[in-house]
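Heads up: the structure comes next, in structure tokens.
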Amino acid sequence: MAEQREAMLYEKLDGQKVRCELCGHGCEIVAGEYGICRVRQNVAGRLRSLTYGVVVAVNVDPIEKKPLFHFLPGTRSLSIAAPGCNFQCAFCQNWQISQSPRTDGGVRGQATSPEQLVTAAVSRDCASISYTYTEPTVFFEMAYDTARLARERGIGNCFVSNGFMTPRAVETIAPYLDAINVDLKAFRDETYRRVMKARLAPVLTALEALVAAGVWVEVTTLIVPDLNDSDAELRDIAGFIAGRLGPHVPWHVSRFHGDYRMSDRSATPLETLERAGRIGAEAGLRYIYSGNVPGHADERTHCPSCGELLIDRRGYTIRANHLADGACGTCGEKIEGVWALG
Ligand code: SF4
């Protein structure tokens, strides 16, 4: 049964109306109604989170699965999700849980608490907790309380997010957030509006704010044939990462398999991922990885200076890690990432 908790980031307006300040939708909600995510409701002039203390998934995953390749490689991450999302992507791979408040007409899941989640992370030998599978921004209060508690117990915190967060949300969670993988799903506002029912600009703003706040950022782009796979758009994405976030930010170009309302579309050809990799390298990105293609050579981390193999991965498994104190053991080049929790 869902616990209702007053939302953290919202403004009270006239006539019991509220404005949510958590994500780029900025929903203005009258009493009794819900935000676009369907997991936040105006109850008598106060905004409530409807998913506090509710989870639809609790798993132990390798951190590589998020994907986070430059964050505590080879460690386990307690991976949790509450139901709901502020996007409605036609190609969602977790739509059964991300869209359930919309399709089921309510919030369903298992009861839990931040204390229970942190205890589970400790007892299951996890170095971090990942707020993932659905959109952590819309279960912000539970993520925030859990992250604070986890930090006290020496456990790291990672978001896997669509990045549609307000600067205020970034500023609030950043002190407790060690790493984030943001899906930069396209570089065309039209695509964000039509396919995700969202907008591009807030994602770009949040990405810059996250880097500025010192959160370790990796970016993933699921490359969908005929949606976001043109040279021009891939160049725009790679150029933004290199120019506005920094060439050290890893870019994961991930293979699409038909899903949800795009189940008729074919999988991304390998050549497309390789073309994206070349475009990323031309833009100056130091670390580019192919995703959803286990065994592909582009899962490995090489030294951007001397080319030496530093982290050998296959799928989610680390086969060898030759990093020496966060640097290339051969030429001494510093390799950006979080290799130990401070
Ligand atoms: S989290 Fe986003 S979608 Fe949900 S109520 Fe707030 S502004 Fe609206």
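The values are calculated or read from the model by the stated rules, or taken from the named source; none is laboratory data. Keep in mind that what you see is a predicted model, and the values were worked out from it rather than measured. No Cβ is skipped: glycine too gets one built from the backbone with ideal geometry, and neighbour counts run over all protein chains shown. Ligands, DNA and RNA are excluded from the accessible area calculation, which covers all protein heavy atoms including side chains. Shrake-Rupley method; radii C 1.70, N 1.55, O 1.52, S 1.80 Å.
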Under the Karplus relation with 6.51, -1.76 and 1.60 and θ = phi - 60°, whole-Hz ³J(HN,Hα) for the stretch 87-101, x at Gly and Pro, equal 10, 9, 4, 5, 10, 4, 8, 10, 5, 4, 9, 6, 9, 4, x
Under 5 Å from the placed amide H of TRP339, counting only residues 5+ away or on other chains, we find LEU72
For the stretch 197-204, Karplus-derived ³J(HN,Hα) couplings (6.51, -1.76, 1.60; θ = phi - 60°; whole Hz; x for glycine and proline) come out as 6, 8, 9, 7, 4, x, 5, 5
Taking a label point 7 Å from the Cα of ARG108 along Cα-to-Cβ, the residues of the stretch 25-49 whose backbone nitrogen sits under 18 Å from it are 38-39
re the stretch 301-342: pairs of Cα atoms spaced beyond 13 Å account for a percent value of 49 percent
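On average, how much accessible surface per residue is there in the chain, in Å², for a 1.4 Å probe, leaving out ligands, DNA and RNA?
Dividing the accessible area of the chain by its residue count gives 40 Å².
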If every Lys and Arg gets +1 and every Asp and Glu gets -1 at its Cβ, then about the Cα centre the stretch 260-342 yields a dipole, in debye to the nearest 20, of 240 debye
Ranked output for segments 68-78, 95-105, 317-327, 182-192 by mean other Cβ atoms within 10 Å, highest leading, reads 68-78, 182-192, 95-105, 317-327
Measuring from its Cα centre, the chain shows a charge dipole (+1 at each Lys and Arg Cβ, -1 at each Asp and Glu Cβ) which, in debye to the nearest 20, is 600 debye
Bridge orientation stat for the chain from DSSP, antiparallel percent rounded to 5, came to 55 percent
The helix 270-283 Cα axis meets the longest alpha-carbon principal axis of the chain at an angle in degrees, between 0 and 90 and rounded to 10, of 80 degrees
So for the stretch 1-81, using the alpha carbon gyration tensor with a ≥ b ≥ c as root eigenvalues (a/c under 1.5 gives rounded; past that, a/b versus b/c decides prolate or oblate), I'd call it prolate
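Would you mind estimating how fast the chain diffuses translationally, via Stokes-Einstein at 37 °C and 0.692 mPa s with the Kirkwood radius over Cα pairs, in µm²/s?
Values: Rh = 20.4 Å.
The Stokes-Einstein estimate is 161 µm²/s.
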Cα-Cα longer than 30 Å, checked against LYS197/LYS334; LYS17/LYS66; LYS65/LYS334, kept in input order, equals LYS197/LYS334; LYS17/LYS66
Projecting the Cα atoms of TYR289, GLY246, TRP339 onto the charge dipole of the stretch 218-342, where Lys and Arg contribute +1 and Asp and Glu -1 at Cβ, the residue farthest towards the positive end is TRP339
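Could you tell me which of rounded, prolate or oblate describes the stretch 35-176, using a ≥ b ≥ c as the square roots of the eigenvalues of the alpha-carbon gyration tensor, with rounded for a/c under 1.5 and, failing that, prolate when a/b is larger than b/c and oblate otherwise? Before the final figure, lay out each step's value.
Values: a/c = 1.61, a/b = 1.43, b/c = 1.12.
Prolate is the answer for the stretch 35-176, as a/c is 1.5 or above and a/b outweighs b/c.
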tail above 15 Å in the computed P(r) of the stretch 231-273, as % of all Cα-Cα pairs, reads 56 percent
Whole-percent carbon and sulfur contribution to the accessible surface of the stretch 218-333 (1.4 Å, no ligands, DNA or RNA) stands at 43 percent
Largest fluctuation, GLY53, GLY15, GLY84 only, Gaussian network model of the chain with Cα springs under 10 angstrom, belongs to GLY15
Simple spin-label estimate for GLU6/SER230, 7 Å along Cα→Cβ, in nm, reads 4.9 nm
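Only helical DSSP H runs with n ≥ 4 go in: add -39500 (n - 2.57) per run for the chain, normalise by residue count and round the 222 nm mean residue ellipticity to 500 deg cm²/dmol.
Values: 8 runs with 74 residues, N = 342.
Rounded to the nearest 500, the figure is -6000 deg cm²/dmol.
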Whole-percent carbon and sulfur contribution to the accessible surface of the stretch 1-96 (1.4 Å, no ligands, DNA or RNA) stands at 46 percent
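Once fully extended, how much extra length lies between ARG275 and ASN321, figured as 0.36 nm per residue of separation less the alpha-carbon to alpha-carbon distance?
Working: separation 46, 0.36 × 46 = 16.56 nm, distance 2.70 nm.
Gain on extension, ARG275 to ASN321, equals 13.9 nm.
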With +1 at each Lys and Arg Cβ and -1 at each Asp and Glu Cβ, the charge dipole magnitude of the stretch 135-212 around its Cα centre, to the nearest 20 debye, comes out at 240 debye
If one compares the long axis through the Cα atoms of helix 231-240 with the longest principal axis of the Cα atoms of the chain, the angle in degrees, nearest 10, works out at 80 degrees
So HIS257 and GLU115, fully extended at 0.36 nm per residue minus their Cα-Cα distance, gain in nm 47.5 nm
